[in-house]
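Here the structure is laid out as structure tokens; the discussion comes afterwards.
No lab work stands behind these numbers, since they all come straight from the coordinates. Note that the structure is a prediction, hence the values are computed from the model and not measured. Backbone-built Cβ (ideal geometry, glycine too); neighbour counts: all protein chains shown.
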Amino acid sequence: MQQTRNKKLMWQLPFLVLLIVGTVLIIRHERNVPYQKSADKVFGTFYHATYQCDSDLTYSINAELAKVDASLSPFNKNSIITAVNQNQDVEVNDMFQDVFYLAQQISKETDGAFDITVAPLVNAWGFGFKNGIGPTSEQVDSLMQMIGYQKVSLSGGKITKTDDRVMLDCSAIAKGYGTDVVARLLRSKGIKNFMIEIGGEIVTSGVNAENQPWRVGISKPVEDPTGNGSEVQNIVKITDKAMATSGNYRNFYYKDGKRYAHTIDPKTGYPVQHSILSATVFAKSCAVADAYATSFMVMGLERAKQLLEQHPELMAYLIYSDEEGKNAVWYSASLESKIQK
């Protein structure tokens, strides 16, 4: 019996040695693979991608983002969403369907705080803020007739509207979705370590070049006419997570001595008067994080907390204006260990 065991061990030993040597070589190879950097313009902003790979994938990344633009950009005259907004007979593609169904789902879960039909109101109030005069109540009432996620549906690859004037704008979810698309591309090529950022929306995986979790900054919501957004509130160490922030860091409006972000409530047609100045959400998907970050800006601090209790898979970092008008912070308990002290 002992001799039989010894023989088995002798046969197994070479395989164990090969396994150990192979593992060491794989680890050594992975450590020697360089980190590439890609960057370019997209969606009216810029993207930056850092990823561990033997080759530069900028061309492939740009090609994937061009597909998103051709599907969801209202500024692209030939995009699918432009055709939908012009009431053309168009069949939407898989990307459009992914975003539309996700948007409708989050609209329902947030009781309409997130709504991809709200753009006409946002534009009207945006011009109003710039000119110092908001739209009249009659103008708001008129616009509200074409606002509402329930007024659009998707079936058989076609969008149906209850009112032809309804316009879709996915800007509050498309950047997050685009970031997810790039992450999906990198994963399909076996890349485990990367960080992608599009206009502040981020997806991370694995570790950085120092073999550490990725470090990302949460911007401080300060009045910033230059748009630099250089002040950082906190640094968060995250991996295998997506992150998105909603909040206007350039302009605020004041009422009764309090500061408010320019956020329009799709259900009322008027600017919200909640204390949240910026909302950062962490989720598995950047599109989900993007949409919920926008939702929390509309919902306000207390309603956002309530929704987060129902969705433990989400984490949030909320900056708000306290009773004295100073910046205060609330964040999910599960985020505590990830905040750099």
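Summary of computed values
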item	result
Net lengthening on full extension, Lys67/Arg187 (0.36 nm per residue, minus Cα-Cα)	41.4 nm
Entries of Lys220/Lys338; Lys41/Lys67; Lys37/Lys77; Lys192/Lys220 with Cα pairs more than 21 Å apart	Lys37/Lys77; Lys192/Lys220
Extended-chain gain in nm, criterion 0.36 nm per residue less alpha-carbon gap, Asn211 and Thr239	8.9 nm
Fewest-first ranking of His48, His274, using other Cβ atoms within 10 Å as the exposure measure	His48, His274
Inter-centroid distance (Cα atoms) of segment 197-217 relative to segment 60-114, Å	26
Simple Cβ-charge dipole of segment 264-330, Lys/Arg +1 and Asp/Glu -1, about Cα centre, in debye nearest 20	160
Likely footprinting exposure, Ile198, Ile159, fewest C-beta neighbours within 10 Å first	Ile159, Ile198
Least to most buried among Thr263, Thr179 (fewest other Cβ within 10 Å first)	Thr263, Thr179
Two-site FRET efficiency, Glu313 against Thr136, from Cβ-Cβ distance with R₀ of 56 Å, rounded to 0.05	0.85
Amide N of segment 156-180 lying under 17 Å from the label point, which is placed 7 angstrom from the Cα of Asn76 along Cα→Cβ	168-180
